[in-house]
Amino acid sequence: MRTYALKRLLGMFPLLLGITMISFAMMHLAPGEPAVTGQEFNPKVSSQDIERLRSYYGLDKPLYEQYWNWLKRLAVLDFGESFSSDHRPVLDKVLERLPVTLWINILAMMVIFLVAIPIGVMSAVKQDSWFDRTMTVFVFIGFAIPSFWLGLLLMMGLGVNMNLLPISGIHDYSWQQMGFWEQQLDFFKHLILPVFVSAIGGLAGMSRFMRTGMLEVIRADYITTARAMGVPENTIRYRLALKNAILPIITLLGLSIPGLIGGSVIVEYLFSLPGMGRLFYEAILARDYTVVMGITVIGAVLTLIGNLMADLAYAWADPRIRQGQG
Amino acid sequence: MFDYLKQQPLMLVGGGIVLIIAFLAAFAPWLAPYDPTSINVRDILMPPSWQHWCGTDTLGRDVFSRMLYGARISLAVGFVAVGLSIAIGVALGAMAGYMGGRMDTWIMRSTDMVLCFPTFFLILAVIAFLEPSIWNIMIVIGLTSWMGVTRLVRAEFLSLRSREFIQAAESLGVSPMRLIWKYLLPNAMGPIMVSAVLGIAGAVLVESGLSFLGLGVQPPDPSWGNILTEGKDNIQLAWWLSLYPGLAILITVLGYNLLGEGLRDVFDPKLKS
């Protein structure tokens with residue numbers, strides 16, 4: 001296990017390097033280096049900003065040197081300063097916004113995991129029943145529904161018309177006066193809609209995936225053998241089959257991270273949540289390039305870490321991978 | 001033909017939706033009851049009625065007409081973006097799968113790297129450097145969605161190359177280009193088409209999301225996404241601005257997804273569970 005973990009960890013470095021290269025290329029190969037040239041006439045970018053950008057990226061030096069210098073700064077987590085009037089380091093701005101985004105995404109993944117697996121298993125076990133058919137319809141709709149539209153409808157229905165749930169921000173305006181537990185409750189009430197909206201796409205995909213996986217496993221030889229030996233049907237389904245069908249889900253959870261992080265831009269915009277996605281959106285509108293680049297790199301690194309964790313969890317669960325036979 | 005289609009309900013329904021939406025988009029100028037950009041201050045935020053089937057927006061423009069024209073833009077973005085991503089994906093996947101060796105390693109490692117980026121971040125970052133316009137969106141979506149196709153084409157090529165008819169062609173001295181164009185690609189066409197159709201659905205969703213954020217199709221050009229932005233801003237006043245455009249996106253994406261799934265069943269009946 002330890003060698004496997006080490007191997008995966010080392011394998012991350014080329015990927016990290018690649019990520020920084022792509023980000024760097026994006027900044028520089030975009031037509032006419034738009035981050036710098038052409039901004040002289042952009043009222044949103046002052047001449048000091050351009051100077052700041054020049055000095056941060058060392059734009060007068062050759063490309064490879066620029067890249068190397070940028071990489072050195074990234075290595076010590078220096079993402080430069082924001083263009084906005086506060087000129088704060090990008091890292092500080094991101095870190096203060098990150099918790100909300102992580103909360104939403106982690107909760108969304110838990111919801112996906114806890115809801116999609118039972119749905120998938122039930123659909124497979126009762127294949128072609130009315131439950132399976134209803135779920136199939138839901139899955140197709142879940143795939144096709146624009147999450148922000150679902151969010152809008154829920155805001156309208158549950159928030160505006162029925163006044164059940166808050167529709168924006170993470171705190172009620174009376175938050176300061178609340179007791180500790182009231183504050184927690186208020187926080188989670190504000191997260192219900194965003195988490196549900198973030199989870200909907202993954203929910204559809206995951207339950208479909210679980211259903212297919214379960215159907216495949218149920219047809220496997222060892223299940224037939226178990227059945228022939230008279231093992232009770234419930235033991236077969238929920239102990240023998242489920243264990244193996246659930247494995248690929250771990251990888252899929254890892255793969256769904258980029259989608260979740262990317263989706264946080266829309267969810268946080270829709271519900272006015274002060275998270276990283278919203279910061280990214282504001283940075284784009286303000287042409288705050290250092291923040292945009294910083295978050296792009298951080299988002300990719302977060303994805304990488306998520307994938308690594310998923311791989312390790314998989315190896316932990318499946319001895320074949322751990323021992324290098326997978 | 002029709003008997004065959006009856007056995008493929010997914011394709012029938014999906015294809016039907018796709019054709020209807022395509023028809024509405026193609027004939028939008030003749031079907032639209034109003035000019036989609038004509039402002040009418042006397043009819044601001046009118047609820048749906050016989051005059052305005054889907055109501056009017058904050059500038060008194062007819063939402064139904066705007067949605068018809070929005071269909072044109074969404075489909076155009078979907079088709080161009082997917083065309084681009086298929087072109088890139090097929091070229092890279094064919095190179096990796098046909099040449100193998102170091103070329104394969106390089107292409108697949110680069111693909112893994114691009115896959116690490118949350119695609120939506122990547123798209124938004126590029127939009128931030130360029131200006132949001134319909135062309136830029138098409139190109140950016142295309143440039144950020146080729147990875148799946150690359151992997152798919154590579155896998156298809158690898159498995160095809162071990163087949164006897166390809167080996168026979170190779171041993172007869174068929175040139176590499178001819179082998180790729182005449183033997184390998186046609187046999188990989190099924191999965192490529194499936195992923196193209198599903199890709200259109202994805203691109204329509206991404207475009208609507210971008211336009212919803214105000215970073216996609218810019219007003220006064222109508223798009224399903226930017227009508228929904230108005231819906232969000234007027235959520236207390238005008239439910240119709242939020243309801244209908246989203247429904248249009250849902251139905252369109254559903255149609256392409258169903259068609260894609262149906263095609264998959266046709267090309268690979270084994271997978272049908």
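The values are calculated or read from the model by the stated rules, or taken from the named source; none is laboratory data. Note that this is a predicted model, so its numbers are computed, not measured. Positions of Cβ are generated from backbone atoms using ideal geometry, with glycine treated the same way; all protein chains shown enter the neighbour counts. Side chains are part of the model used for accessible areas, which takes the heavy atoms of the whole protein and leaves out ligands, DNA and RNA. Shrake-Rupley method; radii C 1.70, N 1.55, O 1.52, S 1.80 Å.
I want to confirm something. Restricting to the range B:107-128 and keeping residues that are more than 21 Å from A:Leu285 (Cβ to Cβ) and not aliphatic (A, V, I, L, M), which single residue is modelled with the lowest pLDDT? So, considering only residues that are more than 21 Å from A:Leu285 (Cβ to Cβ) and not aliphatic (A, V, I, L, M), the one modelled with the lowest pLDDT is B:Cys116. Of the residues making up the range A:252-273, those that are within 13 Å of another protein chain (Cβ to nearest Cβ), part of a helix (DSSP H, G or I) and under 23 Å from A:Asp311 (Cα atoms) number 9. So, in the range B:109-137, of the ones that are away from chain A (no Cβ under 12 Å) and open to solvent by 10 Å² or more (accessible area, probe 1.4 Å), which residue ends up nearest to B:Lys182 (Cα to Cα)? Here the answer is B:Trp135.
If the condition is being hydroxyl-bearing (Ser, Thr, Tyr) and either assigned to a helix (DSSP H, G or I) or under 27 Å from A:Ile295 (Cβ atoms) (or both), then the range A:102-157 contributes A:Ser123, A:Thr134, A:Thr136, A:Ser147. At least 3 residues being touching a residue at least 60 places away in the same chain (Cβ under 8 Å) and among the β-branched types (Val, Ile, Thr) is the threshold, and among the helices (runs of 4 or more DSSP H) wholly inside the range A:274-323 those reaching it are A:289-317. With respect to (1) more than 9 Å from every other protein chain (Cβ to nearest Cβ); (2) part of a loop (DSSP other than H, G, I, E, B); (3) among the β-branched types (Val, Ile, Thr), the lone exception for A:Ile167 is condition (1). Go through the range A:168-189 and give me each residue that's surrounded by fewer than 22 Cβ atoms within 10 Å (Cβ to Cβ) and touching a residue at least 40 places away in the same chain (Cβ under 8 Å). Listed by number, the residues that qualify are A:Ser168, A:Gly169. Scan the range B:25-71 for residues that are surrounded by 18 or more Cβ atoms within 10 Å (Cβ to Cβ) and polar (S, T, N, Q) and the total you get is 2.
Give the residues of the range A:278-292 that are surrounded by 22 or more Cβ atoms within 10 Å (Cβ to Cβ), at the interface with another protein chain (Cβ under 10 Å from one of its Cβ atoms) and at pLDDT below 85, sorted by residue number. The answer is A:Asp288, A:Tyr289. With respect to being in contact with a His (Cβ under 8 Å, 6 or more places away or on another chain), modelled with pLDDT of 85 or more and assigned to a helix (DSSP H, G or I), A:Phe196 falls outside the description.
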